[in-house]
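Only the coordinates and a few stated rules stand behind these numbers; no lab work does. These numbers were taken from a predicted model, which means no experiment stands behind them. Because the Cβ atoms are built from the backbone with ideal geometry, glycine has one as well, and the counts that use them run over all protein chains shown.
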Amino acid sequence: MALGLGLMLAGLLAWAAFVRNPVVPAWSWNFLFGREGEGDHLVGRVYTIRDESGQVVSQVSRRVTVGDEIFAADGRHYRVVKVRGEEAVARFLGMDEDLLAYRDFYRQLAIPAAKAPAPAQPVGIYHTHSDESYVPSDGSESIPFKGGIYRVGERMVGKLTEKGLRVEYDRTPHDPHDDNAYYRSRRTAVRLMQANPLALFDVHRDGVVDPGYYRRIVSQQNVAQTRLVVGRENPRMQANLDFAKRLMSYANSVHNPIVKEIFLAAGNYNQDLMPTALLIEAGTHTNSREEAERGIALLADAVPAVLGITGPAPPGAPKPITDRTAKTPGSYKALAWLLALTLLGGGAFLLVSAGSWERARQRLGRFFGQELGGLPVLRRLRMKGKLEVREKATVPGRGDPAENREARERLEEIRRD
Amino acid sequence: MTGFPVGITALVIVTLLIFIGLAHRALDRMRLSDRGALAVIVAMIIGSFIDLPVPGARYPVTVNVGGGLIPLGLAVYLLVKAGTARERARALAGAAVTALAVYVVGSLIMRGLPEPGGRYEVLDALWLYPLVGGVVGYLAGRSRRGAFVSATLGLLAMDIGYYLWLLARGAPAGRVAIGGAGAFDAIVLAGILAVLLAEVVGEVRERLQGGPAVRGRPEPLLRALRKPDLGKGGDEE
């Protein structure tokens, strides 16, 4: 029966996918193992996010969900509150204080002239969606295993190297282009982490249809702008967001507006691995690859300063992320969230499994008695009678200790099953 | 990860401690003693740095000791130790269903042009695996061990399927690094979180129905369940 239920679940999921997509390809084994599984040329839908007065805030090629957030380049902060069809409404939450502060600091800051010695730690770059390409230059939006995105990545590597950084560039393809690609690229990201990198960049291109959405003249060049994506399904999201804000603020202070926005999307994107892991969208598939290459080169130009490679920050400027005394409010927020969730989840589970406050309290007391009772300090305290630990194995009139112990062992054995 | 500010370093350390704590709690429940569970975690962390190449493959295939060999070995150990052939068959069927469900959702539904996670992306693949593994494992046998086996072997099946896909496509390049992310690989996360999920579902269900089901259960179990003070002095937590 259980197997049947499982299969039914899988069947339902498959059915939901096909019903929601009105153009269904004819069934063939190719669907499982062939080219059709690599990209989806049928979908080019774009979600438009407007504020409550109807002004366009952003366009995204992914499904927008309530709770997604946008930090615009000028510091405006929005949260999606309603989604109907391909139109979403975002509420203006005010100007983001961190972004405004960073922007003010960086405006006063000249690009540091002193070049610090090259750091021992590299920057890691990889592509989760290794087929991504640019239609005007590459002829297709998807070229399996060797997309135009590699040329964009190479350009970023070139610029960072030119600026004195060491770069670990992993060219492993993670095709096909799907969400499971992150399962495969997670291994690449960890392989890069073995070199103890300062930051990890997963370079993508977007799927918004309108090329004008990203096309701008920045620093006298025709470029495709970039978008930074931070995953919300990441326990350490606030720390990654902090890094994204620094990067956007500084990059836009030297090449305005090379970063269009920060988008907080559903997903993890391997960003739980490092607080300085980011996903970059370099233009969209309808931009030319050359535009995207010029865009990412301008972004890369700003990376060393944010990572503290260009020497110590002048007085008054925010310290780079690699400075041990830098303020990282996002990290503390993430820490607080993590601890609160752990305590809340653990507490709720304890309460459910114990059945009542009183029993939960007893269990907790017993747990600390056993786990911490072994510590010499606590043992001494207990010896002095200052710490009461419930150790009675029997209750008057309820069988003998040996029987209890036997039953307990039996129960423990069963529990392990 | 050296050279970062105090906030980031503290965050990393606390996350690690919580992860290890959860892992210990999960492993503790699977025919492992307290110390055994801790030894497995230590071995996984050390093993994270060791990749074993699989010889003779057309594309590079490696098995990471901490992220692949140990969790998969544990899954096989649990299978071997399973009480009945029926239980074994259920766990294996659970793994097959998990692999299929994960493939359908992660590769068929969440793919395509929409960036960055494909269309209909609601839940990242990383969190989808334990969810599917935990639910399937629970349905397949209402067992934590079943959840662990479903999640870990299901993902191994995905990796084998990926290698076959690379062969079938004649890919110019590709790599299958089984458990390549070490202790942070999706195989490990899925196994541990699936066990915890099965445990939470089981406890909530038991609480909702007003206590453990007693009909048809063996007498020693029922006798043990009736004892009100069994946990005292034991290692229940």
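Based only on Cα atoms, what Rg/Rh ratio does region B:8-213 have, Rh being taken as Kirkwood's radius?
0.98
Net charge around residue A:73, counting only other residues with Cβ within less than 12 Å of its Cβ (Lys, Arg = +1; Asp, Glu = -1)?
+3
What pairs from A:159/A:333; A:260/A:333; A:82/A:159 go past 31 Å between their alpha carbons?
Where the Cα-Cα span goes over 31 Å, the pairs concerned are A:159/A:333; A:82/A:159.
So, R0 is 45 Å and r is the distance between the beta-carbons of residue A:87 and residue A:170; what FRET efficiency does that work out to, to 0.05?
0.70
How shielded is A:203-210 by partner chains, expressed as the average number of their Cβ atoms within 10 Å of its Cβ atoms?
2
Provide the FRET efficiency to the nearest 0.05 for the residue B:45-residue A:50 pair, computing r from the beta carbons and using R0 = 41 Å.
With R0 = 41 Å, the Cβ-Cβ based efficiency is 0.25.
Need one number: nm distance between label points at residue B:206 and residue A:340, each 7 Å from Cα along Cα→Cβ, rounded to one decimal.
3.1 nm
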